[in-house]
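Enquirer: Here you go, one structure.
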Amino acid sequence: MRYDRPTPGLSQLSIRRKLLLLVLLFMCSILATATLAAYLHRADLIDARKDEIRSIVETVGGQLSELQARFGAHMIDQSTLMERTHALLDNARYRQNGYLFLLNSDGLMISNAGRPELEGESINNLRDSRGVTLIQTLLDQIQGRDTVFWSYRWAISESGQLSDETDKVSYVMRIPGSNWLLGSGVHIGDIDQQVMQRLLTLAILTLALLLATAGLALAVARNITDPINQLALATRRLADGTLETDIAGAERSDEVGALARSIGVLQEQAQENRRLRKLSEHARFLEEFDPVTRLYNRQALGEALEREITRQEQHDSRMAVLVIRLVLLREIATRWGREHAQSVLKEIVDRLRHQLRVDDLLARHGEDTLTLVRPEVGSDAALRTLLRDILDTIAQPVSINNQPYSLHGRIGVSLYPEDGEQEFQLIGRAEEALRAARQEEREWVWFNSLSSAPVDQRLSLWQDIQVALEQDQFYLVFQPIFQLTSNQPVTAEVLLRWRHPEKGLISPAVFIPFAEQTGLVKRIDRWVIQAVARQFEQWSKRGLALPELAVNLSGISFLRPDLEQILREAFEGRPELLKHLELELTEGVLIEDMERIHSQIDRVRQLGAKVSIDDFGTGYSSLSRIRNLNVDRIKIDRSFIDDIETSTQCCKIIEAILHMAHGLRLQVIAEGVENENQLHELRQMNCDLVQGYLLSRPLERQDYERLLEQDLEIDVDMA
Ligand code: C2E
Ligand code: CA
Ligand code: CA
C-alpha cells in the first residue's frame with residue numbers, strides 16, 4: 001500500500017504525547033491565571049489602603065487647618081493649639097495600629113501616636129540604606145504641592161542606621177498656615193504578607209487542581225492509549241498474516257470497543273478468506289491430480305487424451321486406451337483399511353511407472369481402476385505383450401508392514417481410431433470392455449471383440465426393448481428427494497423399470513447403456529417424458545400438490561434438435577405443468593459441443609423446466625465448465641457420498657463443490673445417502689437436498705402418492 005508523505009503536525013505525535021501536551025497547556029493556563037489574579041489582588045489592596053490613609057489624613061488635616069487658622073487669628077494660644085493637636089491625633093488612631101504623625105518641615109516630629117518616643121525628636125538624621133535622609137525624600141516629593149504619596153524605605157530601629165528596611169508609602173499633607181506636615185503610612189510589607197497568605201491558599205488549591213488534572217489525564221491516557229496500542233499491534237499482526245491474535249477491548253462500549261469489534265470482524269473475514277483460498281487451491285489441485293497416486297485424475301486425463309487424439313490424427317497412428325481394474329483392492333480397503341489399500345495402490349503404480357514409455361499417459365480412473373493411454377501402440381501382438389506385462393506387474397505380491405498382498409488385474413481395451421475418435425467414446429468403450437471382462441471372468445477384453453460377440457443376443461435385446469415400448473412393459477418409480485432445511489420431500493427422481501415377461505425385472509443399469517449404443521434410448525426417453533406429463537396431469541386432476549419430478553435424459557436425447565418439440569407435445573394443453581419438470585443430464589454430455597449445450601439448456605429453461613447435472617464429479621468436465629452453464633442444480637455423485645466417512649479429502653471436495661455451487665446460486669443434491677453419518681455430515685456442510693436409501697428407496701407410484709398425500713417428514717437423525 002502507498003502512503004502520502006507525512007505532513008508535519010499533530011498527526012505526527014502519539015495520542016499519549018498529545019494528551020501530555022494538553023495537560024501541560026492546561027497547567028500553564030492555570031498558573032498564569034493564578035499569577036495574574038495574585039498580581040491584581042495586590043495592586044487592588046494597595047490602592048484600597050492608599051485611599052483609606054488619604055481620607056483619614058485629609059479629614060484630620062482639615063481639622064488641624066482649622067486649629068491653625070484659629071491660632072493665626074489669636075483665638076487660641078500656642079499651648080492650646082498643641083494640646084488640641086495631640087488630642088486630635090491621639091484620637092485619630094484607626095484600625096489596630098494605624099496612626100497619624102505630624103512633623104514640621106525642619107524634621108521635628110511634633111506628634112506620633114504610634115511611636116510616642118519619637119515625639120520632640122528630629123528625624124533629620126534618619127537615613128535609609130542608600131544613605132538618603134528620609135526627611136529630604138519627603139521634602140523633595142512634596143515640593144510645590146499640598147499633598148503627596150511619599151514612598152520611602154522605613155525601619156523599625158532608629159539608631160541612626162536602619163535595619164530591617166521595608167517599603168512604606170505615606171500620604172502627607174501640608175497644613176496651611178504652618179510648616180506642619182501631617183501624614184499616615186502603610187507598610188507595603190504588611191500588604192505583601194496578606195497577599196502572600198491568600199496566595200498560599202490559592203497555590204494550594206491550584207496545586208491540588210493540577211495534580212487532579214494530571215492524574216485524570218494519565219488515567220485517560222492509559223485507558224485510551226494502551227488498548228489502542230494493543231489494537232495497533234493486533235492489526236499489524238493481521239497484516240503480517242498472523243490471524244490468531246487475541247483482540248482485547250471488544251467488550252468496551254466506547255469508540256475503542258467499536259474499533260476492536262471491527263478489527264475482530266476483519267480478522268474473521270481474513271480467516272474465512274484464508275480458509276476459502278486454501279480450499280480453492282486444494283480444489284484446483286484436486287481438479288487435475290489424484291492426491292494419493294499423484295497421477296492425473298479422470299478429468300485431467302480426458303483433457304490430455306483429447307490433446308493426444310489431435311496428435312494421433314496428424315500422425316495417422318493407432319492408440320490404445322486401457323482401463324485397468326486392480327481386483328481385490330476394494331476388499332483390502334474393506335478388510336485392512338483404506339490406508340493399506342492406498343499403500344498397495346501406490347506401490348503398484350510405482351512399478352507400473354517403471355515399465356512405461358515417456359509418451360504413455362497413466363491416470364487414476366476410479367477407486368480401484370487406472371487408465372493407461374499408449375500412443376503409437378503398434379501391432380496387436382505388441383499390445384498383447386503390453387497387457388501381459390501389466391498384468392504380471394500387478395500380480396507380483398506387495399508387502400506392506402510385512403504383510404503380503406496379492407492382487408490381480410483385469411483390463412478393458414479400446415483402440416483409436418477403430419472404436420471411436422473422441423476421448424469419451426474411447427474411455428466409455430474401454431470401460432464397457434472391462435465390464436465384459438468381469439462378466440466373462442477374463443483377464444482382458446478388447447472392445448472391438450465385443451461387437452462381434454453374441455450378435456443374436458444383442459439383437460434380441462434390441463427387439464425386446466421395442467416390444468416393451470409398445471406393450472407398456474416399462475413403468476416409473478419415484479425416489480423422493482428431501483430438502484435438508486425443511487425435511488420435506490420437495491422433489492423426486494423418476495427411475496425407469498422394465499418388467500420383462502420372461503426375464504423379470506431388468507435394471508436400467510443394464511438396458512440403458514445398450515439402448516444408448518443402439519440409439520433406442522431416444523425412444524425410451526421420449527416415452528418417459530410422456531409418461532411423466534400424463535402423471536402430472538392425472539395428479540393435478542386429483543388435486544394433489546404437485547412435486548417436482550426429475551427425469552434422466554441421455555446425452556443423445558438431450559442434444560436432439562426436436563427436444564423442445566417433444567416437450568411441447570408431451571405437455572400440450574398443460575404447458576404450465578412444465579415448471580414441475582427437471583431434466584437430469586449426466587456430466588458426460590458436457591464434453592460435447594458446448595455452444596449447442598448452452599443453447600439447448602436455455603431453450604429448455606425458457607419452457608419453464610429445470611436442468612440439473614447428474615453424477616457430478618465423475619465426468620471429465622471441470623467445475624469451471626459448469627460455471628458458464630445456466631443450470632439449476634447439481635447432483636454430487638454417489639461415490640463421493642460413499643467416501644464421506646473415511647476420506648477427509650472427499651469431504652473437502654464436497655465442500656468445495658458446495659461452495660462453488662452456492663456462489664453460482666445453484667442447489668446441490670447429494671445422491672446415495674445410505675446412513676445417518678453421511679446425512680449428518682451433509683447437513684453440517686450445508687447441502688441443500690439429499691436422496692438415498694436412508695431416506696427412501698425408489699417408490700412404486702401408489703406408495704409415492706401416499707407420501708405426497710401425507711407430506712411426510714423424514715424422521716431420522718435430525719441432530
Ligand atoms: P442415476 O441417474 O444415477 O440414478 C440413481 C440410481 O441410484 C438409481 O438406480 C437409484 O435407485 C440408485 N440409488 C438411489 N439411492 C441410492 C442409495 O442410497 N444407494 C445406492 N446404492 N443406490 C441408490 P437405478 O434406478 O438402477 O438407475 C440406474 C441408472 O440408470 C440411473 O442412474 C440412470 O443413469 C439410468 N436411468 C434410470 N432411469 C432412466 C431413464 O428413465 N432414462 C434414462 N436415460 N436413464 C435412466
Ligand atoms: Ca439421475
Ligand atoms: Ca446419479
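The values are calculated or read from the model by the stated rules, or taken from the named source; none is laboratory data. Bear in mind the structure is a predicted one, so any value in this text is a computation, not a measurement. Glycine gets a Cβ as well: all are built from the backbone with ideal geometry, and neighbour counts include every protein chain shown. The area values use the complete protein model at the heavy-atom level, side chains included, leaving out ligands, DNA and RNA. Shrake-Rupley method; radii C 1.70, N 1.55, O 1.52, S 1.80 Å.
Enquirer: Given (1) within 16 Å of ligand 3 (Cβ to nearest atom); (2) in contact with a Phe, Trp or Tyr (Cβ under 6 Å, 6 or more places away or on another chain), identify the lone condition not met by CYS650.
Expert: Tallying (1) within 16 Å of ligand 3 (Cβ to nearest atom); (2) in contact with a Phe, Trp or Tyr (Cβ under 6 Å, 6 or more places away or on another chain), CYS650 fails exactly one: (1).
Enquirer: Right, next: Checking LEU199 against (1) without any contact (Cβ under 8 Å) to a residue 24 or more places away in the chain; (2) within 24 Å of ASP44 (Cα to Cα); (3) open to solvent by 50 Å² or more (accessible area, probe 1.4 Å), only one condition comes out false. Which one?
Expert: (1)
Enquirer: Name the residues in the range 496-513 that are in contact (Cβ under 8 Å) with a residue 12 or more places away in the chain and crowded, with 17+ Cβ neighbours inside 10 Å, would you?
Expert: LEU496, TRP498, PHE511, ILE512 - these are the residues of the range 496-513 that are in contact (Cβ under 8 Å) with a residue 12 or more places away in the chain and crowded, with 17+ Cβ neighbours inside 10 Å.
For (1) under 25 Å from VAL445 (Cα atoms); (2) modelled with pLDDT under 85; (3) part of a helix (DSSP H, G or I); (4) not basic (Lys, Arg), each residue gets a yes or a no:
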{"site": "THR245", "(1), (2), (3), (4)": "no, yes, no, yes"}
{"site": "GLU251", "(1), (2), (3), (4)": "no, no, no, yes"}
{"site": "LEU305", "(1), (2), (3), (4)": "yes, no, yes, yes"}
{"site": "GLU331", "(1), (2), (3), (4)": "yes, no, yes, yes"}
{"site": "LEU345", "(1), (2), (3), (4)": "yes, no, yes, yes"}
{"site": "VAL349", "(1), (2), (3), (4)": "yes, no, yes, yes"}
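Enquirer: Name the residues in the range 686-703 that are closer than 27 Å to ARG497 by Cβ, open to solvent by 50 Å² or more (accessible area, probe 1.4 Å) and more than 16 Å from ligand 2 (Cβ to nearest atom), would you?
Expert: GLU700, ARG701, GLN702, ASP703
Enquirer: On to the next question. For the range 456-486, give me each residue that is under 30 Å from GLU674 (Cβ atoms), in contact (Cβ under 8 Å) with a residue 40 or more places away in the chain and surrounded by 15 or more Cβ atoms within 10 Å (Cβ to Cβ).
Expert: PHE474, LEU476, VAL477, PHE478, GLN479, PRO480, ILE481, PHE482, GLN483, LEU484
Enquirer: Restricting the search to the range 434-448, which residues are open to solvent by 60 Å² or more (accessible area, probe 1.4 Å) and not in a helix (DSSP H, G or I)?
Expert: Scanning the range 434-448 gives GLU440, GLU441, ARG442, GLU443.
Enquirer: Still on this structure, please answer the following. Which one of ARG665, ARG706 is more than 14 Å from ligand 3 (Cβ to nearest atom), assigned to a helix (DSSP H, G or I), open to solvent by 60 Å² or more (accessible area, probe 1.4 Å) and without any contact (Cβ under 8 Å) to a residue 40 or more places away in the chain?
Expert: Details: ARG665 fails: assigned to a helix (DSSP H, G or I).
Being more than 14 Å from ligand 3 (Cβ to nearest atom), assigned to a helix (DSSP H, G or I), open to solvent by 60 Å² or more (accessible area, probe 1.4 Å) and without any contact (Cβ under 8 Å) to a residue 40 or more places away in the chain holds for just one of ARG665, ARG706, which is ARG706.
Enquirer: Among the residues of the range 618-639 satisfying the criterion of being touching a helix residue (DSSP H, G or I) at 6+ places or on another chain (Cβ under 7 Å) and open to solvent by 30 Å² or more (accessible area, probe 1.4 Å), which is modelled with the lowest pLDDT?
Expert: Of the residues in the range 618-639, the ones touching a helix residue (DSSP H, G or I) at 6+ places or on another chain (Cβ under 7 Å) are 618-623, 625, 629-631, 634, 636.
If we keep only those that are open to solvent by 30 Å² or more (accessible area, probe 1.4 Å) as well, we get 618, 625, 630.
Working: THR618: 74, ARG625: 69, ASN630: 89.
Per the criteria, the residue is ARG625.
Enquirer: Quick check on ARG683: is it at positive phi, surrounded by fewer than 18 Cβ atoms within 10 Å (Cβ to Cβ) and either more than 16 Å from ligand 2 (Cβ to nearest atom) or assigned to a loop (DSSP other than H, G, I, E, B) (or both)?
Expert: no
Enquirer: Of the conditions (1) open to solvent by 70 Å² or more (accessible area, probe 1.4 Å); (2) within 21 Å of ILE53 (Cα to Cα); (3) assigned to a loop (DSSP other than H, G, I, E, B), GLY177 fails just one. Which one is it?
Expert: Exception for GLY177: condition (2).
Enquirer: What residue, of LEU567, LEU590, LEU578, is within 16 Å of ligand 3 (Cβ to nearest atom) and either open to solvent by 30 Å² or more (accessible area, probe 1.4 Å) or not charged (D, E, K, R) (or both)?
Expert: LEU590
Enquirer: May I ask you to verify whether PHE536 is under 24 Å from GLU700 (Cβ atoms), outside the structural domain of ARG429 (by TED's automatic domain parsing) and open to solvent by less than 40 Å² (accessible area, probe 1.4 Å)?
Expert: Yes.
Enquirer: Among (1) touching a residue at least 12 places away in the same chain (Cβ under 8 Å); (2) of a type outside the set (Val, Ile, Thr); (3) more than 12 Å from ligand 1 (Cβ to nearest atom); (4) open to solvent by 20 Å² or more (accessible area, probe 1.4 Å), where does ASP615 come up short?
Expert: (3)
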